[in-house]
2 protein chains.
Amino acid sequence: MLVYIAGSGAMGCRFGYQISKTGNDVILLDNWEDHIKAIQENGLKITGDVEETVKLPIMKPTEATKEADLIILFTKAMQLPQMLQDIKGIIGSETKVLCLLNGLGHEEVIRQYIPEHNILMGVTVWTAGLEGPGHAHLQGVGALNLQSMDAENQEAGRQVADMLTEAKLFATYDENVLPNIWRKACVNGTMNSTCALLDCTIGELFASEDGPKMVKEIIHEFVVVGEAEGVSLNEEEIVKYVFDTSVKAAHHYPSMHQDLVQNHRLTEIDFINGAVNTKGAKLGIDTPYCRLITQLVHAKEEILKIK
Amino acid sequence: MLVYIAGSGAMGCRFGYQISKTGNDVILLDNWEDHIKAIQENGLKITGDVEETVKLPIMKPTEATKEADLIILFTKAMQLPQMLQDIKGIIGSETKVLCLLNGLGHEEVIRQYIPEHNILMGVTVWTAGLEGPGHAHLQGVGALNLQSMDAENQEAGRQVADMLTEAKLFATYDENVLPNIWRKACVNGTMNSTCALLDCTIGELFASEDGPKMVKEIIHEFVVVGEAEGVSLNEEEIVKYVFDTSVKAAHHYPSMHQDLVQNHRLTEIDFINGAVNTKGAKLGIDTPYCRLITQLVHAKEEILKIK
């Protein structure tokens, strides 16, 4: 199987590295010059639970030419349309595309480029870090769930899940993956934006008297909108999941804090709280917490002159 | 007339200084030791539009004993109940109390200590700065509006307005002061909390694409709650007033930014956006923007370990 990783940041490197160990062909795609150069010259350096350096092909998305069997999407949410545009040349009629991006609403974007029967939507709890160009730090274990968007084409999803499990990425074919995607979006939508705005760790947010109150109101908006879209969500279970996650991740600054506060990069807010507000508006559901959070984050991006 | 200034920060010093020039007796009350010591030893130093140092009595609230003709309240909102408690000894049956605090809901607190016919509610656009203990910096001109809470006792309010105008503080007796108090609360409720959370100037907030959107939604919540309380508010006029104010104050960090970000002091959020949310809850009106802003500011206070 020829597998492209479309977006080879920390998570893309983890997946590319692990899949390459199974005898499948992996090509990394990315636009970060220093990263490409480092991997081309010295290979991909892995540290953490294992330490090794592997030779893996990496190139810019527009340079890829061989038709893909599978493309795993791991871009930042706002880079997805451009990536799909750039890799048109490697998408054949049987190319499967697995989306593992954080956030909501990506299937609508992907459908504009890929026929529904080739789209696989997934969600993962794997983590990874990038220490610098060409150097991924991999610790801990994870898993992922995925599903074929076309119910008639489950077989494609199951084959990809098997391949990923062989790569020790532990994928489960999930006949109802959307609730899991929304549940993870709730984690991001409660912690990322608030910790970025308050410049605090997840533990500090949840230890404050008002933090948990905000978190519950945000989750409620996600659940009401998700349910109205036909996604079956159990609010109580999601609240428990989010609070459990906050305990495990108490000492961490979430990724949006890294983007906004530490690195002054654009955030994915439009695909998390912003997506819920946009979906809510279409459905006639008011989601003021998600809307105000999105406005505050965008205002902060502008104040920091991030483009 | 014996006038006490209950809370002799920047604004209290301005009022005390200007009133003392009219031949009325002024006593400053405050709890800041260094400030009291500086004024007792060297007098109150005034710089800015005028430069002089004046001898004015200053003491702690609990040390005041002579019955007051007028007490002007200029504390931080959260210090008001303690101040009223501390100055019980100087409140006689004819002592008038003029409240010039920012924010909403103070009349309910004052009513617990002062009979309604002696309460004057006001709002001022005067400004002042404190350069350090015993040193006020006064620039620009202002004005104030005030009203007797007891419609039967307008005369008391008019007398105080005349005295303040004689002191060049330009007070107008206002037969309907509440809309003006709410309008100023809208200025504070839109700029103070948001600029504090976003760590930005008023100009930066209003120049961002999402800033004005947030501002309008916040004003709308203030107007709906105020109207439900029987205060006649013109939303369009308030929006214009807030935007005009933002232009004049574009380069400033509002006072809540100074409190929260610069000095790590508790904010007055409970008396601005928090007051609207509390009032709204009692009236069955949802005010999610005011509530989330209040929660975010309180969370930030806790994260900064401000008590």
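The values are calculated or read from the model by the stated rules, or taken from the named source; none is laboratory data. In this text the structure is predicted, and so the values were computed from the model without any measurement. Neighbour counts run over all protein chains shown; Cβ positions are idealised from the backbone, glycine included. With ligands, DNA and RNA removed, areas are computed over all heavy atoms of the protein, side chains included. Shrake-Rupley method; radii C 1.70, N 1.55, O 1.52, S 1.80 Å.
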Counting other Cβ atoms within 10 Å, which GluC sites (Glu not before Pro) in segment A:56-99 have at most 15 and lie in a DSSP loop?
A:Glu67, A:Glu94
Along principal axes, largest first, the alpha-carbon spread of segment A:262-307 in whole Å comes out as 35, 15, 14
Are there trypsin sites (Lys or Arg not before Pro) in segment B:46-105 that DSSP marks as loop and that have at most 14 other Cβ atoms within 10 Å, and which are they?
B:Lys55, B:Lys66
With N residues in the protein assembly as shown, Rg(alpha-carbon) / (2.2 N^0.38 Å) equals 1.20
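Could you give the semi-axes, largest first, of the ellipsoid that matches segment B:2-175, computed as the square roots of 5 times the alpha carbon gyration tensor eigenvalues and rounded to whole Å?
Values: eigenvalues 113, 67, 39 Å².
Sorted largest first and rounded, they come to 24, 18, 14 Å.
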Taking each residue of B:293-306 in turn, how many C-beta atoms of other protein chains fall within 10 Å of its C-beta, and what is the average?
6
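Taking segment A:104-180, which GluC sites (Glu not before Pro) meet the DSSP loop condition and have no more than 16 other C-beta atoms within 10 Å?
Of the GluC sites (Glu not before Pro), the ones in loops of segment A:104-180 whose Cβ has at most 16 other Cβ atoms within 10 Å are A:Glu175.
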Please report the spacing between the Cα centers of segment B:60-93 and segment A:60-107 in Å, no decimals.
69
Helix B:178-198 versus the longest principal axis of chain B: what is the Cα-based angle in degrees, 0 to 90, to the nearest 10?
70
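Once a ≥ b ≥ c are taken as the square roots of the eigenvalues of the Cα gyration tensor of segment A:1-65, is the result rounded (a/c under 1.5), prolate (a/b larger than b/c) or oblate (a/b not larger than b/c)? Let's see the in-between values first.
On the way: a/c = 1.74, a/b = 1.18, b/c = 1.47.
Oblate shape, in that a/c is at least 1.5 and b/c is the bigger or equal ratio.
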Rounded to two decimals, the Rg over Rh value of segment A:75-196 from Cα coordinates and the Kirkwood Rh reads 0.97
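Net charge near B:Gly142: determine it from the other residues with C-beta under 14 Å of the C-beta of B:Gly142, scoring Lys and Arg +1 and Asp and Glu -1. Numbers along the way, then the final one.
Details: positive: B:Arg14, B:Lys168, B:Lys184, B:Lys248; negative: B:Asp49.
Summing Lys and Arg as +1 and Asp and Glu as -1 gives +3.
Given an 8 Å cut-off on Cα distances and at least 6 residues of separation, report the relative contact order of chain B as a percent. Each step should come with its number before you reach the end.
Numbers: 553 pairs, mean separation 43.9, N = 307.
RCO, chain B: 14 percent.
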Teacher prompt: B:Glu63 distances to equivalent labels in other copies, 7 Å Cα→Cβ, nm:
7.8
With one decimal in nm and the nearest listed first, the spacings from B:Glu209 to its own position in the other copies, using label points 7 Å along Cα-to-Cβ, are 3.8
Over all directions, the average projected area of the alpha-carbon convex hull for segment A:178-304 comes to how many nm²?
7.0
Helix-only mean residue ellipticity at 222 nm for the protein assembly as shown, each DSSP H run of n ≥ 4 adding -39500 (n - 2.57), per residue, nearest 500:
-13500 deg cm²/dmol
Taking only the alpha carbons of segment A:139-179, the radius of gyration and the largest Cα-Cα distance, Dmax, both in angstrom, are 10.6, 37
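Within 10 Å of each Cβ in peptide A:198-205, how many partner chain Cβ atoms are there on average? Round it to a whole number, please. Spell out each step's value before the answer.
Details: counts 8, 4, 5, 1, 0, 0, 6, 3.
The per-residue average across the peptide is 3.
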Please turn the phi angles of segment A:21-36 into ³J(HN,Hα) values with the Karplus equation 6.51 cos²θ - 1.76 cosθ + 1.60 (θ = phi - 60°), one per residue in order, whole Hz, x for glycine and proline.
6, 9, x, 7, 7, 10, 10, 8, 10, 6, 10, 7, 3, 4, 5, 4
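Take the cross-link list A:Lys248/A:Lys305; B:Lys37/B:Lys88; A:Lys37/A:Lys184; A:Lys55/A:Lys168 and give me the ones stretching past 31 Å between alpha-carbons.
Numbers: A:Lys248/A:Lys305 33 Å; B:Lys37/B:Lys88 24 Å; A:Lys37/A:Lys184 33 Å; A:Lys55/A:Lys168 19 Å.
Pairs exceeding 31 Å: A:Lys248/A:Lys305; A:Lys37/A:Lys184.
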Net charge around A:Ile119, counting only other residues with Cβ within less than 13 Å of its Cβ (Lys, Arg = +1; Asp, Glu = -1)?
-4
How high is the relative contact order of segment B:247-307, given as a whole-number percent (alpha carbon pairs under 8 Å, six or more residues apart)?
33
Among chain A residues, which Cβ is nearest the axis of the A-onto-B rotation, and at how many Å?
A:Pro288, 2
Largest first, how would A:Lys168, A:Lys184, B:Lys216 line up by accessible area (1.4 Å probe)?
A:Lys168, B:Lys216, A:Lys184
Starting from the exponent 0.38 and prefactor 2.2 Å, build the expected Rg for chain A from its residue count and divide its actual Cα Rg by it.
0.97
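Please label the shape of segment B:130-201 as rounded, prolate or oblate, based on the square roots a ≥ b ≥ c of the eigenvalues of the alpha-carbon gyration tensor (a/c under 1.5 means rounded; beyond that, a/b larger than b/c means prolate, else oblate). Numbers along the way, then the final one.
Values: a/c = 3.10, a/b = 1.43, b/c = 2.16.
In terms of gyration-tensor shape, oblate.
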A:Gln262 to B:Lys88: FRET efficiency via 1/(1 + (r/R0)^6), r the Cβ-Cβ distance, R0 45 Å, to the nearest 0.05?
0.30
With a sphere of radius 12 Å drawn around the Cβ of A:Ala171, what net charge do the other residues whose Cβ falls strictly inside it have (Lys, Arg +1; Asp, Glu -1)?
-1
